[in-house]
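A quick write-up on the structure given underneath.
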């Protein structure tokens, strides 16, 4: 396993943690009360973001070969498609749940947070699938 694959696996784990924390924050404040028990989530939500910065600092992308760059570029494009599908699905879901209603600003910010981690997650999954295909192609 090369450095690019290690970085992709770590990105996958961090993005899953970020999505879980974001979903917990979204569902935890569903009844719109401002209990202090959920105030720790603001700090907890920044930990995966800081982890992604540390990951890019510890495992830089400069040492990738051409195959890794090609896989990463395809994975980033698929990640963007995943984000648009996620945001489109959330918009449809919100229109069904609250027709002609409004959404609070803090929930919109949380959706931006979740969209970033959906991007990281779909990019990581797409890259790992491509690495698996290229390894199988080299064996045969």
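Output the residues belonging to region 31-55 that are at pLDDT below 75, loosely packed, with under 13 Cβ neighbours inside 10 Å and in a helix (DSSP H, G or I). Residues satisfying the conditions are 36, 37, 40, 42, 43.
For every residue, the table says whether it meets (1) in a helix (DSSP H, G or I); (2) at positive phi; (3) touching a residue at least 12 places away in the same chain (Cβ under 8 Å); (4) surrounded by 19 or more Cβ atoms within 10 Å (Cβ to Cβ).
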| position | (1), (2), (3), (4) |
| --- | --- |
| 92 | yes, no, no, no |
| 95 | yes, no, no, no |
| 100 | no, yes, no, no |
| 103 | no, no, no, no |
| 112 | yes, no, no, no |
| 126 | yes, no, yes, yes |
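Scan region 85-115 residue by residue and report those that are closer than 30 Å to residue 2 by Cα and at pLDDT 90 or above. Show your work before the answer.
Here is the first cut: in region 85-115, the residues closer than 30 Å to residue 2 by Cα are 113-115.
Within region 85-115, 115 is the sole residue that qualifies.
Return yes when residue 76 is more than 17 Å from residue 125 (Cβ to Cβ), surrounded by 14 or more Cβ atoms within 10 Å (Cβ to Cβ) and at pLDDT 80 or above and no when it is not. Step through it out loud before you land on a result.
Details: more than 17 Å from residue 125 (Cβ to Cβ): no; surrounded by 14 or more Cβ atoms within 10 Å (Cβ to Cβ): yes; at pLDDT 80 or above: yes.
Spelling it out, it is not the case that residue 76 is more than 17 Å from residue 125 (Cβ to Cβ), surrounded by 14 or more Cβ atoms within 10 Å (Cβ to Cβ) and at pLDDT 80 or above.
Against the definition (surrounded by 14 or more Cβ atoms within 10 Å (Cβ to Cβ), at pLDDT below 75 and either within 18 Å of the chain's Cα centre (by Cα) or part of a loop (DSSP other than H, G, I, E, B) (or both)), how does residue 12 come out, yes or no? Here the answer is no, as residue 12 does not meet what is asked.
The values are calculated or read from the model by the stated rules, or taken from the named source; none is laboratory data. Keep in mind it's a predicted model, so treat the numbers as computed, not measured. As a convention, Cβ positions derive from the backbone with ideal geometry for all residues, glycine included, and neighbour counts pool all protein chains shown.
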